[in-house]
Amino acid sequence: MIIPVYDAKVMFANIDAIVEAAENFSKDLLEVDISGRVKNRNIGDVCLLHVSRTQTQSIPTPFAD
C-alpha cells in the first residue's frame, strides 16, 4: 500500500469540485484573446475571480501543521 486508505479518501474527497473549478478556469482563460483582454476584463481579473472563489470555499487540509 502506497498511502493509507483514510489519507487517500481525505486527499481525494473533493476531487469533483477541483475538476469543475479547473474546467471553469480553463474555459474563462480560453475566452481571453492574445492581447490578454476579454469583454472589459483582463487575464488578471479572470485569475483574481477564480482565486477569490476558491478561497471562500472550505477545503480540508489534513496534512497541514
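A few notes on this one:
- Matching residues, the stretch 19-45, being modelled with pLDDT of 85 or more and among the aliphatic types (A, V, I, L, M): 19, 21, 22
- For the stretch 6-25, a residue qualifies if it is more than 17 Å from residue 54 (Cβ to Cβ) and of a type in the set (S, T, N, Q), but none of them does.
The values are calculated or read from the model by the stated rules, or taken from the named source; none is laboratory data. All figures in this text were calculated on a predicted structure; none of them were measured in a lab. Every residue, glycine as well, gets a Cβ built from its backbone with ideal geometry; the counts of neighbours run over all protein chains shown.
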